[in-house]
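Laboratory data are not the source of any read-out in this text; all were calculated from the coordinates shown. Being a predicted model, the structure only gives us computed values, none of them experimental. Backbone-built Cβ (ideal geometry, glycine too); neighbour counts: all protein chains shown.
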């Protein structure tokens with residue numbers, strides 16, 4: 001297919017800016033002279049953003065961490081992609097599906113400041129990181145280091161390869177309230193031995209919202225000859241970062257979380273020099289050993305999901321990741337600061353504001369997290385999720401950019417009453 005035909009197909013699939021995105025651009029222009037922190041407090045601005053979501057009125061949704069559903073703009077774009085792919089059928093699948101997927105990968109690479117040869121689109125964080133864990137050429141006695149607060153699916157995958165290959169898993173426990181970055185770095189450093197090959201860390205711990213000092217951990221691990229794989233499920237599109245700044249070897253994330261793509265979209269970053277050492281989960285057609293696409297063979301899949309990634313990125317870029325991060329951190333601090341000193345409250349998220357963003361975890365003394373979540377829903381119509389394990393006991397609270405301070409006031413009053 002020649003370039004002209006390829007571009008024509010891109011246009012037909014609706015990858016350009018929509019009128020609604022243009023309206024967001026005009027809205028952003030009105031606050032362009034303000035700092036992200038000033039815009040974070042502008043309730044009128046965020047009310048306009050909120051109007052672009054279809055929100056269920058039955059409850060206040062403070063559980064966006066599992067899945068940040070799409071704004072109507074991205075939802076309509078996704079539906080359009082489904083119709084177009086269905087309309088073109090096998091013609092689309094046999095001609096431009098892979099070209100268009102590469103366009104989306106390139107957009108993701110640009111977003112995190114790496115090369116498109118280092119990024120593939122997957123279905124979620126679990127698939128991304130499991131590709132690395134299972135793709136490693138493990139030998140009996142090799143060691144991997146991780147934390148008990150890491151996501152269960154990846155811990156399970158490490159357990160599986162341990163049973164299969166005889167490698168050894170070592171788990172540490174990340175403190176809820178670290179005294180310094182060095183405390184966290186030393187925690188991992190002390191678990192590393194001459195047999196350690198891979199270190200897994202969270203960029204942002206999903207159950208507490210704790211942002212780890214990734215670059216410092218990577219520098220330490222690399223100085224000991226150990227590679228680092230980062231679980232970025234909750235960091236991607238919640239906070240601003242660059243792969244070059246992080247310095248990690250592998251990074252996996254779920255795009256249907258904070259980027260708000262359709263369900264079933266993820267991303268895997270592999271540093272170019274590390275691609276050739278991984279075994280693919282599914283065998284691919286003949287590709288060069290250092291071609292990351294050889295890790296990306298999954299057979300026929302819902303390609304319309306891939307196409308909607310472009311709209312989600314445009315939506316994020318129109319608002320600006322700096323403004324989004326500032327708003328999410330403002331919302332978290334808004335409610336946390338109102339309950340932090342209450343005697344019956346346990347906060348399981350670091351006090352220092354730079355160590356978290358949207359996510360925080362709160363518990364009520366003497367109350368099981370499951371009961372707390374149930375009472376919040378039954379008595380106050382507030383939807384959350386209970387976390388009860390890995391040293392964390394409370395409800396994870398994850399507002400999104402459509403969340404209002406009035407909704408958080410309802411939550412604060414609920415916490416006060418539940419005591």
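Overview of values
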read-out: Evaluated over the range 97-314, the Cα radius of gyration and Dmax, each in Å; value: 16.6, 51
read-out: Most fluctuating residue given options 101, 163, 271, as computed from a GNM of the chain linking Cα atoms under 10 Å; value: 163
read-out: Centroid-to-centroid separation of the range 66-119 and the range 341-370 [C-alpha atoms, Å]; value: 37 Å
read-out: Percent of alpha-carbon pairs separated by more than 23 Å within the range 267-371; value: 60 percent
read-out: Residues residue 341 and residue 115, FRET efficiency given R0 of 56 Å [Cβ-Cβ distance, rounded to 0.05]; value: 0.70
read-out: Fraction of alpha-carbon pairs over 35 Å apart in the chain - percent; value: 30 percent
read-out: Fraction of beta bridges assigned by DSSP in the range 97-314 that are antiparallel (%, nearest 5); value: 35 percent
read-out: Binned Cα-Cα distance frequencies in the range 322-418 - 5 Å width, integer %; value: 3, 13, 26, 27, 20, 9, 2, 0
read-out: Mean-position separation - Cα centroids, the range 131-189 and the range 244-311, in angstrom; value: 21 Å
read-out: Extension gain, residue 353 back to residue 322 (0.36 nm per residue minus Cα-Cα distance, nm); value: 9.6 nm
read-out: Segment residue 173-residue 30, extension gain: residue separation times 0.36 nm, minus the distance between their alpha carbons; value: 46.9 nm
read-out: Most mobile of 144, 312, 191 in a GNM of the chain (Cα contacts under 10 Å); value: 191
read-out: Label-point gap, in nm, between residue 288 and residue 418 - each point 7 angstrom along Cα→Cβ; value: 5.5 nm
read-out: Per-pair calculated FRET efficiency, R0 = 35 Å: residue 106 and residue 137 via Cβ, rounded to 0.05; value: 0.75
read-out: In nm, spacing of pseudo-spin labels at residue 301 and residue 47 (7 Å Cα→C-beta vector); value: 4.2 nm
read-out: Relative contact order (%) - the range 322-418, alpha-carbon pairs under 8 angstrom, separation at least six; value: 30 percent
read-out: Length-normalised contact order for the chain - Cα pairs under 8 Å, 6+ apart - percent; value: 22 percent
read-out: Inter-label distance, nm, simple model (7 Å from Cα along the C-beta direction), residue 222/residue 182; value: 2.2 nm
